[in-house]
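Heads up, the thing below is written out as structure tokens.
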Amino acid sequence: MLCVVYKSPNKEGAYLYLERRDDFRQVPTALLDTFGKPQLITVLNLAKREHLAQIDIHKLQAALKTQGFYLQLPPPPENLLAQHKASLQNDKG
């Protein structure tokens with residue numbers, strides 16, 4: 001299974017995976033509006049891979065088959081203030 005990867009010019013760390021190059025028919029218009037003009041990154045052969053860096057490859061393949069696309073968003077930023085407060089509470093206890 002081949003997969004085409006695009007990055008978002010609007011949201012750093014957001015990637016859109018499609019089965020076919022430039023085939024955005026199944027991607028909701030609102031998502032594309034937010035994503036911005038997709039910028040082609042690479043084409044991957046998923047059959048030759050056991051895993052990807054930040055995506056469960058089985059979830060990716062399932063999403064491509066069922067909805068025709070997969071959207072990867074960056075993880076939420078760490079809340080360093082909350083972590084600091086929690087460590088202060090742990091030091092007191």
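The values are calculated or read from the model by the stated rules, or taken from the named source; none is laboratory data. Please read all numbers here as calculations on a predicted model, not as lab measurements. Reconstructed Cβ throughout: ideal geometry from the backbone, glycine too, with neighbour counts over all protein chains shown.
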#### Entry: Yes/no for Gln54 being out of contact with any His (no Cβ under 7 Å at 6 or more places or on another chain), in contact (Cβ under 8 Å) with a residue 24 or more places away in the chain and not in a strand (DSSP E or B)
no
## Note on the structure
All conditions in (1) at pLDDT 95 or above; (2) exposed (fewer than 15 other Cβ atoms within 10 Å of the Cβ); (3) among the polar types (S, T, N, Q) are true of Ser8 except (2)
#### Entry: Selection status of Ala53, surrounded by fewer than 10 Cβ atoms within 10 Å (Cβ to Cβ) and under 11 Å from the mean Cα position of the chain (by Cα)
yes
### Task
Would you please name the residue that is farthest from Pro76 (Cα to Cα), looking only at residues in the range 14-51 that are outside any helix (DSSP H, G or I) and either in contact (Cβ under 8 Å) with a residue 60 or more places away in the chain or among the β-branched types (Val, Ile, Thr) (or both)?
Val43
